[in-house]
Amino acid sequence: MRVLIADDYHEMSRKAAAIVNSQVLLKPDCVLGLATGSTPLGMYRELIRLYQNQAADFSKVTTFNLDEYYGLDKENKQSYAYYMNTHFFNHINIQRENTHIPDGLSADINEACRRYEQRIAEKGGIDLMVLGIGTNGHIGFNEPDTNFIAETHRVMLKKETIQDNSRFFKSAEETPTMAISMGIRAIVQSRMLLLLANGEAKADAIYKTLKGTIRPEVPASIIQIHPNVTILLDRHAAKLLL
Ligand code: PGA
């Protein structure tokens, strides 16, 4: 496991973009797993800048996002589909048919989840999975007490996640309480993991993930068993490691 500590959010984002772009340079038709939330915003901005400077080419890349809120239409400004379009896909040369985000509105959720897993498998699995981490140690929306062998599935969000996410909604009451998430199994089956965290609020989750025992109460702790993990932190998120 490599742990890289950047001075600040900007440097963390620049390095994250460089790692993702290296993957794309090495394998232009690679499969990327992508995260949403505030953490990767700077990385997406930097990848767009690289594309605009002709230093990145996403024309053959396939993407699978980690999660989506249950019950939100992709036109809804709080949906992760909307986030990915506005913060990344609209600004680069990716083929839309190569981008995948769990469908939060499907009439048959179980079938939609099964198809999502199947599409990942058909594409040969994920080469590089970009992960954020929740203050409670979740990855994707795999909340504490997660089933480590779960595949893509519907999850009930924990109180602290709803609270954390409510900053994007008018109130905690409007914040979705369920989501569709890629399971831990697909995450750890990815060939390389890149976990990003910035800010002091993540320091405790990062410490438990890296130094604690591997346990379902801290879903991210499972990455300790992965042979190819890069953890990229800013100084504040790394505070308890130093
Ligand atoms: P954040 O969310 O990037 O908005 O902090 C991370 C997560 O919940 O996985």
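Report the residue count in region 28-62 for those that are among the β-branched types (Val, Ile, Thr) and touching a Phe, Trp or Tyr at 6+ places or on another chain (Cβ under 8 Å).
The number of residues fulfilling the criteria is 3.
Pull out all pairs, ordered by first then second residue, where Cβ-Cβ is under 6 Å, the residues are six or more apart or on different chains, the first lies in region 117-129 and is more than 15 Å from Val24 (Cα to Cα), and the second is surrounded by 15 or more Cβ atoms within 10 Å (Cβ to Cβ) and among the charged types (D, E, K, R).
Sorted first by the residue in region 117-129, then by its partner, the pairs are Glu117/Glu151.
For residues in region 113-154 being buried (at least 16 other Cβ atoms within 10 Å of the Cβ), modelled with pLDDT of 95 or more and aliphatic (A, V, I, L, M), which is farthest from the ligand (Cβ to nearest atom)?
Ile120
Of all the residues that make up region 9-54, how many are within 16 Å of the ligand (Cβ to nearest atom), surrounded by fewer than 20 Cβ atoms within 10 Å (Cβ to Cβ) and of a type in the set (D, E, K, R)?
Within region 9-54, residues that are within 16 Å of the ligand (Cβ to nearest atom), surrounded by fewer than 20 Cβ atoms within 10 Å (Cβ to Cβ) and of a type in the set (D, E, K, R) number 1.
Can you name the condition, by its number, that Glu75 falls short on among (1) surrounded by fewer than 18 Cβ atoms within 10 Å (Cβ to Cβ); (2) assigned to a helix (DSSP H, G or I); (3) away from the ligand (no atom under 16 Å from the Cβ)?
(2)
I need a count of the residues in region 223-241 that are out of contact with any strand residue (DSSP E or B) (no Cβ under 8 Å at 6 or more places or on another chain) and either outside any helix (DSSP H, G or I) or of a type outside the set (S, T, N, Q) (or both).
Count: 5.
So, in region 87-109, how many residues would count as being without any contact (Cβ under 8 Å) to a residue 24 or more places away in the chain and more than 19 Å from the chain's Cα centre (by Cα)?
So the count comes out to 4.
If I ask for residues that are surrounded by fewer than 20 Cβ atoms within 10 Å (Cβ to Cβ) and basic (Lys, Arg), which ones from region 161-207 would you list?
Correct list: Arg167, Lys170, Arg185, Arg191.
Of the residues that make up region 167-175, is at least one of a type in the set (A, V, I, L, M, F, W, C), under 23 Å from Gln78 (Cβ atoms) and touching a strand residue (DSSP E or B) at 6+ places or on another chain (Cβ under 6 Å)?
No, region 167-175 contains no residue that is of a type in the set (A, V, I, L, M, F, W, C), under 23 Å from Gln78 (Cβ atoms) and touching a strand residue (DSSP E or B) at 6+ places or on another chain (Cβ under 6 Å).
The values are calculated or read from the model by the stated rules, or taken from the named source; none is laboratory data. Here the structure is a predicted model, which is why all the values come from computation and not from measurement. For neighbour counting, all protein chains shown are included, and Cβ atoms are generated from backbone atoms with ideal geometry for every residue, glycine included.
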